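**Student:** Shown below is the structure under consideration.
The values are calculated or read from the model by the stated rules, or taken from the named source; none is laboratory data. The shown structure was predicted, so the numbers you read here are calculated from the model rather than taken from an experiment. All Cβ positions, glycine included, derive from the backbone under ideal geometry; neighbour counts span all protein chains shown. These area figures cover heavy atoms from the full protein model, side chains too; ligands, DNA and RNA do not enter into them. Shrake-Rupley method; radii C 1.70, N 1.55, O 1.52, S 1.80 Å.
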Amino acid sequence: MNWRISLINGPNLNMLGIREPEIYGKSSLADIEKEIKILAQQQGAEIDFFQSNHEGKIVDYIQEARGHFNCILINAGALSHYSIAIHDALKAVNIPVVEIHLSNIYARESFRQQSLISPLAVGGVFGFGVLSYKMAFLAACEFLAAGQKGKE
Ligand code: DQA
């Protein structure tokens with residue numbers, strides 16, 4: 001289906017490949033986006049990529065996403081753990097959200113073991129590195145297709 005899906009990446013995810021590769025892997029964000037683009041083509045979906053290190057820019061982007069996207073995939077990085085502003089923005093636009101993390105945040109430092117995104121997400125994938133993104137993308141497509149079938 002011609003779903004319009006947005007993939008948002010938060011702070012420091014532009015450093016993937018360089019940043020703590022033992023935790024986050026060797027792929028760059030461009031590598032990940034390339035893989036998701038291939039999946040999107042296979043699914044006949046449109047994909048939009050956005051990355052920012054700035055909370056307010058992510059809030060602006062989410063607000064502007066209203067009416068443009070069927071689903072938001074988001075790895076908000078460290079902001080996942082404390083940004084009430086991103087939580088509120090996602091709630092305000094009323095677009096289904098799928099949360100992504102490369103690492104298993106629940107097996108790491110205690111300050112990473114809370115997510116303010118999870119309570120409003122339809123689901124999430126964490127701990128599988130780049131595969132978390134691919135699984136999240138495919139889950140979003142299945143989720144949207146299931147909703148469409150429900151309406152038929
Ligand atoms: C992360 C986990 C966060 O705790 C961290 O701040 C990140 C990446 C992940 O993908 O595993 O930047 O979201």
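**Student:** Would you mind telling me the share, in percent, of accessible area of the chain contributed by carbon and sulfur at probe 1.4 angstrom?
**Tutor:** Working: 4090 of 7830 Å².
Summing carbon and sulfur atoms, their accessible area is 52 percent of the total for the chain.
**Student:** Where the centroid of each part is defined by its Cα atoms, how far is region 82-131 from region 32-47 in Å?
**Tutor:** 21 Å
**Student:** Between Lys37 and Ala107, 0.36 nm times their residue separation minus their Cα-Cα distance comes to what?
**Tutor:** Numbers: separation 70, 0.36 × 70 = 25.20 nm, distance 2.97 nm.
Between Lys37 and Ala107, full extension yields an extra 22.2 nm.
**Student:** Of all DSSP beta bridges located in the chain, what percent are antiparallel, nearest 5? Write down the numbers at each step before the final one.
**Tutor:** Details: 0 of 18 bridges.
Antiparallel bridges: around 0 percent, rounded to the nearest 5.
**Student:** Using only the heavy atoms of the protein chains and a 1.4 Å probe, how would Asp60, Asp48 rank by accessible area, largest first?
**Tutor:** Values: Asp60 80, Asp48 60 Å².
Order by accessible area, largest first: Asp60, Asp48.
**Student:** Please compute the Kirkwood hydrodynamic radius over region 36-75, one decimal place, Å, based on all pairs of different Cα atoms. It would help to have the intermediate numbers written out before the result.
**Tutor:** Values: mean 1/r = 0.0877 Å⁻¹.
Evaluated on region 36-75, it is 11.4 Å.
**Student:** Using +1 on the beta carbon of Lys and Arg, -1 on that of Asp and Glu, and nothing else charged, what's the dipole of the chain about the Cα centre, debye to 20?
**Tutor:** Values: 13 positive and 15 negative charges, 33 e Å.
Dipole magnitude for the chain comes out near 160 debye.
**Student:** So how much slack lies between Ala145 and Glu22, counting 0.36 nm per residue of separation and subtracting their Cα-Cα distance, in nm? Could you put the intermediate results ahead of the total?
**Tutor:** Numbers: separation 123, 0.36 × 123 = 44.28 nm, distance 3.56 nm.
Here the segment from Ala145 to Glu22 would lengthen by 40.7 nm.
**Student:** Rank Ile8, Ile62, Phe128 by how far each Cα sits towards the positive end of the charge dipole of the chain (+1 on Lys, Arg Cβ; -1 on Asp, Glu Cβ) and give me just the farthest.
**Tutor:** Most positive-ward Cα: Phe128.
**Student:** Something else: Amide H neighbours of Asn104 under 5 Å, at least 5 residues apart or on other chains, H built in the peptide plane: list them.
**Tutor:** Counting only residues 5 or more places away or on other chains, the set is Gly127.
**Student:** If each DSSP helix of 4+ residues adds -39,500 (n - 2.57) and the sum is divided by the residues in the chain, what number results at 222 nm, nearest 500 deg cm²/dmol? Mind showing how you got there, number by number?
**Tutor:** On the way: 5 runs with 62 residues, N = 152.
One gets -13000 deg cm²/dmol as the mean residue ellipticity at 222 nm.
**Student:** Using the heavy atoms of the protein chains alone and a 1.4 angstrom probe, what is the accessible area of the chain per residue in square angstrom? Walk me through the numbers on the way to the answer.
**Tutor:** Details: 7830 Å² over 152 residues.
Dividing the accessible area of the chain by its residue count gives 52 Å².
**Student:** On average over all directions, what projected area in square nanometres does region 4-145 have, based on the convex hull of its Cα atoms? It would help to have the intermediate numbers written out before the result.
**Tutor:** Numbers: hull surface 29.7 nm².
Projected area, direction-averaged: 7.4 nm².
**Student:** Still on this structure, please answer the following. Leu73's amide H: which non-local residues (gap 5+, or another chain) put their own amide H closer than 5 Å, with H modeled 1.01 Å from N in plane and none for Pro or chain starts?
**Tutor:** It is Ser6, Leu7, Ile8, Val98, by chain and number.
**Student:** Contour minus end-to-end for Met15 and Asp48, with contour as 0.36 nm per residue of separation and end-to-end as the Cα-Cα distance?
**Tutor:** Working: separation 33, 0.36 × 33 = 11.88 nm, distance 1.92 nm.
The Met15-Asp48 span can extend by a further 10.0 nm.
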